[in-house]
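The values are calculated or read from the model by the stated rules, or taken from the named source; none is laboratory data. Everything numeric here is computed off the predicted structure, so don't read it as measured data. Quick reminder, even Gly has a Cβ in these numbers, built from the backbone with ideal geometry, and neighbours come from all protein chains shown. Just so you know, the surface numbers come from the protein's heavy atoms only, side chains and all, with ligands and any DNA or RNA stripped out. Shrake-Rupley method; radii C 1.70, N 1.55, O 1.52, S 1.80 Å.
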Amino acid sequence: MSNDIDGLASGDGASSHSRRQVLKASASLAALPLMAMAASGARAAGIGQTAAVNAPVAADAKSEAFINGMADLMAHSTRTPILRWPHEYGLEFEEIFFPAMDGVPIEGWFIPANSDKLLIFNHPMPCNRYGYPGHLAPWQDFGGFEVNFLPEYKILHDAGYNILTYDMRNHGRSGTGSGGINGHGVLEYRDVIGSMRYAKSRTDTRNMRTALYSRCLGANASIVGMHKHPEEFAHIKAMIALQPVSPAVFVATAVENQKIANGVALFDAALHRRTGYHLADVWPMEYAKAVKLPTLVAQVREDFLTKPSNVQEIYDTISAKDKTLFWIEGTDKRFEGYNYFGKNPKLVLDWLAARV
């Protein structure tokens, strides 16, 4: 798979060159969250935590540009515009705003339905509550197509679900939080808890049967929240976790493809310089043990940036007895997974109907 993605870079000089190098390696790079490696994840990628924190061997200029560009993308979010709105799909909606657990202002939509069932949605990086404008410059080369969540909202609304969806910190129209750093779940869980508290604060939604629909970065954040504050999730009936991923597998694959010796250690050092986080700090695999509610995990099986074994490990680590793993077939593009259930809703409709 190849895409000409020079047009995605912004700025000039070394920084622009570095970003172009990263994007040439993977058109979907910015979509991946950094869920840090636990020891088992590190072993699966052939990497030990010791190597990640020791001083790495210096790289050549090309490799250094790749590592720095990748670290820039993963350390900070890219805001993208909200191009489509519920009324365009015949949906009445309310623009909403509420504080995250730590006070960051979060913006979103509430789409009412005539029922006592509520779905709370979030999104991947670098998407927002609407999706991702991948069909337009300068974003079109992340696969070259649009991610649009509105058709799925319409289907679920018409099936009787109230919809609450929001932009996570540093995305869409929500506030800048945590210094603009992406925590890849360990900071963004505060937004997840803020959304649930907001739903509990409204007289029309506080007693609704509630489920989470958490995508990628949002799935990571929901899982971290369950680990840190399980009491906040006691009323949640179920969760859909769309495309969670561990970074050890992604980073190892990326640097292997670029033939960068000691590449994971180099990346770890670059990430630490930008965020204060090492890979092992961000999202240990063991956090998934905190997921005890019914959970549907879905993933593009041939996603060329991940490995099926990684998603299988996340699924296996989840403690829930009622859990389902669904593989999305027929594509190797990660972003296709975000459009899949808007075109093929039966599994989600049936699965939610049995649990919410």
Quiz item: What is the ratio of the Cα radius of gyration of segment 84-127 to 2.2 N^0.38 Å, where N is its residue count, to two decimals?
Solution: 1.34
Quiz item: In bins 10 Å wide, starting from 0, what share of all Cα pairs of segment 197-258 does each bin hold, as a percent?
Solution: 19, 39, 24, 11, 6, 1
Quiz item: Over the alpha carbons of segment 82-160, what is the largest minus smallest coordinate on each principal axis, giving the biggest first in Å?
Solution: 40, 34, 17
Exercise. Just list whichever of K154/K200; K117/K343; K323/K343; K154/K289; K117/K333 have alpha carbons separated by over 29 Å in the model shown.
Key: K154/K289; K117/K333
Practice problem: Could you bin all the Cα-Cα distances of segment 199-326 into 10 Å bins starting at 0 and give me the percent of pairs in each, rounded to whole numbers? | Solution: 12, 38, 30, 16, 4, 1
Quiz item: For segment 278-356 and segment 120-198, what is the separation of their C-alpha centers, rounded to whole Å?
Solution: 17
Self-check item: Over segment 251-353 - Rg/Rh using Cα atoms and the Kirkwood inverse-distance radius
Solution: 1.04
Quiz item: Using the eigenvalues of the Cα gyration tensor, what equivalent ellipsoid semi-axes result for segment 137-181 when each is taken as the square root of five times the eigenvalue, whole Å, largest first?
Solution: 25, 20, 6
Quiz item: Dividing the alpha-carbon Rg of segment 274-329 by 2.2 N^0.38 Å yields what?
Solution: 1.28
Quiz item: Roughly how much of S115 is accessible, in Å² to the nearest 10, using a 1.4 Å probe?
Solution: 40
Exercise. Assign unit charges at the C-beta atoms only (+1 for Lys and Arg, -1 for Asp and Glu), then state the dipole size of segment 99-202 relative to its Cα centre in Debye, rounded to the nearest 20.
Key: 340
